[in-house]
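Step one of this worksheet: look at the structure below.
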Amino acid sequence: MSSEKIENTYEKVVELAKRRGFFWPSFSIYGGEAGFYDYGPLGVLLKDNIIRIWKEAYLRENALMIDTPVVVPRAVFQASGHVDKFLDIAAECDKCHLRQKLETFTKSAGFQEVFDTVDSGLAFVNEHVVKCTNCGARITRVFDVRQMFFLPDQGSSGDLFLRPETAQGIFINFKILNNIFRGKLPMAVAQSGKGFRNEIAPRQSLIRMKEFNMCEVEVFVHPEKKYWAEIDYDEDITICPRSSPPLRVKAREAVESGLISSNAMGYFITLTQRILLRMGISKERLRFRQHEKNELAHYSFDSWDAEAELDGNWVEITGIADRNDLRNHEKTSGESMSVSTDEGDIVPSVIEPASGVDRIILSVLMHSIMTRDNGYTVLSLPAEVAPYHAAVFPLMKKNGMDQLAREIYRRLSMIDPYIFYDESGSIGKRYARQDEIGTPYCITIDGTSLEDGTVTIRERDSARQIRINAEEIINHGLLGNPAISRDKFSGQSS
């Protein structure tokens with residue numbers, strides 16, 4: 001039974017996500033609020049699995065974990081440059097009042113310019129005809145929008161902001177963390193949590209949000225060497241160096257040739273690919289694009305975006321930046337950020353792999369959704385990412401099948417809580433429901449189960465079945481159990 005990729009997947013995924021309980025617009029009974037989304041029962045489990053895979057990968061790199069506040073005083077973002085420089089140049093149509101980033105309007109008109117000031121944007125629209133993407137009127141109004149949410153002074157502490165990134169909470173704790181790490185370099189510190197940005201035009205559900213989920217890592221390295229570890233990964237990566245066509249290379253070779261600037265940058269580009277593939281991103285629909293010089297963030301010397309192809313568009317899901325925030329905080333706070341090394345005292349540079357969890361979730365869903373020949377939808381999620389690992393069904397609610405099914409479910413869920421029980425509807429409809437939410441295995445208890453203790457296990461992608469003793473999965477689980485590995489389903493009948 002073959003499955004094929006669904007074209008124009010975005011609308012299909014958004015519809016499925018709301019109907020099945022992955023995510024939906026927030027505050028809908030009051031008309032909704034652009035840029036905010038709720039995660040439902042399946043979405044919470046999927047998000048937790050995505051974050052867990054990220055966390056486990058960096059724990060294997062000996063990273064320290066930290067959790068800092070989402071509300072941050074002005075002094076921190078004044079030092080980092082965010083107060084003065086973290087803004088978007090926007091434009092508004094005088095006729096239909098559509099507001100977007102100026103670059104969105106200009107790119108639609110065929111221009112590739114990047115704007116960092118209102119004056120440069122005004123000069124451009126005065127010199128070139130840039131039309132509204134909605135009504136076609138000429139764009140003439142340009143202004144800046146601060147991307148951080150400002151919280152007015154509520155007391156003696158001064159102004160506060162909602163953080164647009166988790167990075168600053170790591171930077172200002174660098175000395176404490178490095179002492180915990182016994183003064184060694186290189187050192188990695190990781191943090192997951194909420195971020196907030198005052199987006200001009202929130203859109204495309206989880207792509208552009210005002211409140212979002214992040215997983216960020218700050219890798220502190222020697223500023224002259226920028227070395228983390230030997231790059232021993234053999235797999236290829238697709239890179240788009242600045243102003244160059246895509247190349248298929250090995251990260252080690254790209255570093256040696258100078259296409260990638262440092263060992264640390266190459267190492268974490270490759271590690272990022274490994275993490276994203278494990279989450280369910282398609283390797284054929286993943287690339288790493290280097291930022292042009294005029295699009296670098298104010299804090300970045302070099303940046304590469306891991307981009308996923310979504311319905312023909314390339315969307316950033318992880319950014320890997322070379323930044324040097326510690327010097328700014330040292331200068332502003334008066335706190336030394338230097339580390340003693342064999343070559344003297346140095347202030348570390350930082351390589352930052354920063355992932356947008358929500359964008360990864362949408363990308364994983366869009367890369368996983370398939371349709372069978374019979375028209376049914378399948379989410380071909382990796383087993384460790386799927387919200388549920390298995391579903392347990394009685395073939396019928398009679399003759400003791402339901403009692404045995406509930407007992408098997410109870411015992412199985414004691415060793416693996418990510419198990420679902422369902423006894424309503426035909427067996428075919430129950431299979432279809434689990435296929436649609438990505439459950440890798442369905443366990444059916446039938447009349448034969450009452451006689452010999454065996455159950456039928458159906459594998460999601462092939463829809464093939466094998467028969468196995470229930471005690472085998474109760475004692476050893478499903479994931480990683482060699483008795484039910486994927487190749488066991490080859491040649492089995494549906």
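With the structure loaded, tell me whether G312 is under 30 Å from G43 (Cα atoms) and small (G, A, S) or whether it fails that test. Criteria met by G312. Only residues that are surrounded by fewer than 16 Cβ atoms within 10 Å (Cβ to Cβ) and either in a strand (DSSP E or B) or in contact (Cβ under 8 Å) with a residue 12 or more places away in the chain (or both): list them for region 317-342, please. Answer for region 317-342, where residues must be surrounded by fewer than 16 Cβ atoms within 10 Å (Cβ to Cβ) and either in a strand (DSSP E or B) or in contact (Cβ under 8 Å) with a residue 12 or more places away in the chain (or both): N324, R327, K331, T332, S333, E335, S336, S340, T341.
For every residue, the table says whether it meets (1) of a type in the set (S, T, Y); (2) part of a helix (DSSP H, G or I); (3) farther than 27 Å from D48 by Cα.
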{"position": "V219", "(1), (2), (3)": "no, no, no"}
{"position": "E224", "(1), (2), (3)": "no, no, yes"}
{"position": "A229", "(1), (2), (3)": "no, no, yes"}
{"position": "D234", "(1), (2), (3)": "no, no, yes"}
{"position": "T238", "(1), (2), (3)": "yes, no, yes"}
{"position": "P245", "(1), (2), (3)": "no, no, yes"}
{"position": "V249", "(1), (2), (3)": "no, no, yes"}
{"position": "I275", "(1), (2), (3)": "no, yes, no"}
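Note on region 413-494: enclosed helices (runs of 4 or more DSSP H) holding 1 or more residues that are buried (at least 18 other Cβ atoms within 10 Å of the Cβ) and either in contact (Cβ under 8 Å) with a residue 60 or more places away in the chain or within 28 Å of the chain's Cα centre (by Cα) (or both) are 427-437, 470-476. Residues to consider are G158, G169, G193, G136; find the one that is closer than 23 Å to E216 by Cβ, not hydrophobic (A, V, I, L, M, F, W, C) and not in a helix (DSSP H, G or I). One residue alone meets the criteria, G193. The condition (being of a type in the set (A, V, I, L, M, F, W, C) and either surrounded by fewer than 21 Cβ atoms within 10 Å (Cβ to Cβ) or free of Cβ contacts under 8 Å to residues at least 24 places away in the same chain (or both)) is satisfied by just one residue among F174, F143: F143.
What are the residues in region 250-267 that are of a type outside the set (G, A, S) and crowded, with 17+ Cβ neighbours inside 10 Å, if any?
Taking region 250-267 first, the residues of a type outside the set (G, A, S) are 250, 252-253, 255-256, 259-260, 263, 265, 267.
Residues satisfying the conditions are R252, V255, L259, I260, N263, M265, Y267.
Among the residues of region 4-40 satisfying the criterion of being without any contact (Cβ under 8 Å) to a residue 24 or more places away in the chain and assigned to a helix (DSSP H, G or I), which is surrounded by the fewest Cβ atoms within 10 Å (Cβ to Cβ)? Here the residue is I29.
Would you please name the residue that is surrounded by the fewest Cβ atoms within 10 Å (Cβ to Cβ), looking only at residues in region 378-407 that are among the small types (G, A, S) and over 17 Å from the mean Cα position of the chain (by Cα)? Looking at the filtered set, the residue picked out is G400.
If I ask for residues that are assigned to a strand (DSSP E or B) and either within 19 Å of the chain's Cα centre (by Cα) or under 26 Å from P417 (Cβ atoms) (or both), which ones from region 349-376 would you list? Reasoning before the result, please.
Of all residues in region 349-376, those assigned to a strand (DSSP E or B) come to 349-356, 369-372.
Across region 349-376, the qualifying residues are I351, E352, P353, A354, S355, G356, I369.
The residue that is nearest to the chain's Cα centre (by Cα), among those in region 151-168 that are of a type outside the set (S, T, Y) and modelled with pLDDT of 90 or more, is E165.
The values are calculated or read from the model by the stated rules, or taken from the named source; none is laboratory data. It should be emphasised that the depicted structure is a prediction, and the values quoted were computed from it without experimental measurement. Note: ideal-geometry Cβ built from the backbone for every residue, glycine included; neighbour counts use all protein chains shown.
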